[in-house]
Amino acid sequence: MTTTIHRGTRVAAALALAAVVVIPNAGRASSDRAWASFRADVAQACRQAADGILRAEHTTIDPWGSAHYGLARLVGTVPGEHAPRQVLCVYDKRSHAVEIGSPMPINSAVRTEAP
C-alpha cells in the first residue's frame, strides 16, 4: 500500500513539474504569435491609410505600442516629390481606427516654445 501511495505522489509531482514547465512556455508562444499578428495588422492598416499621402518604402512598428494604440513610422516619398518624407500613424487597439499625421521632412525639427 505504501508503494502505491509513493508512486502516486511521484506521478503527481512529475505532472505538476511538467505543467510548470510547459504551460508558461505555451502562453508565451501564443503571446508572441499575438504580438506578431498585432504588428502585422498595424503595418497593413497604416500603409493602407497612408496610400495616396505617402508611397511608403519603409515601415517601423513600435513592437507593443502604447496602452491603447499601435504606433508606426512610415518613410517614403510624397507623390510629385523626390525628397523622402515620414508620417506617423496611430492605430486604435480597440476600434482598429487609424490616423495618419502629415508628411514631415526626415532631417528637420519643428521648434516649439513652452507655454
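The values are calculated or read from the model by the stated rules, or taken from the named source; none is laboratory data. Just so it is clear, the model here is predicted, and its values are computed rather than measured. Cβ placement follows ideal geometry from the backbone for every residue including glycine, while neighbour counts extend to all protein chains displayed.
For region 58-92, the set of residues classified as among the aliphatic types (A, V, I, L, M) and closer than 21 Å to SER31 by Cβ consists of ILE61, ALA67, LEU71, ALA72, listed by residue number. Going residue by residue through region 9-28, is there one that turns out to be at pLDDT below 95 and in contact with a Gly (Cβ under 8 Å, 6 or more places away or on another chain)? No, region 9-28 contains no residue that is at pLDDT below 95 and in contact with a Gly (Cβ under 8 Å, 6 or more places away or on another chain). Residues in region 101-110 that are surrounded by fewer than 18 Cβ atoms within 10 Å (Cβ to Cβ) and either of a type in the set (Gly, Ala, Ser) or in contact with a strand residue (DSSP E or B) (Cβ under 6 Å, 6 or more places away or on another chain) (or both): GLY101, SER102, MET104, ILE106, SER108, ALA109.
Within region 79-92, the set of residues being surrounded by 16 or more Cβ atoms within 10 Å (Cβ to Cβ) and either assigned to a loop (DSSP other than H, G, I, E, B) or touching a residue at least 40 places away in the same chain (Cβ under 8 Å) (or both) comprises CYS89, TYR91.
In region 56-74, the residues that are polar (S, T, N, Q) form Cβ pairs under 7 Å with partners that are outside any strand (DSSP E or B), at six or more places apart or across chains, as follows: THR59/ALA43; THR59/CYS46; THR59/ARG47.
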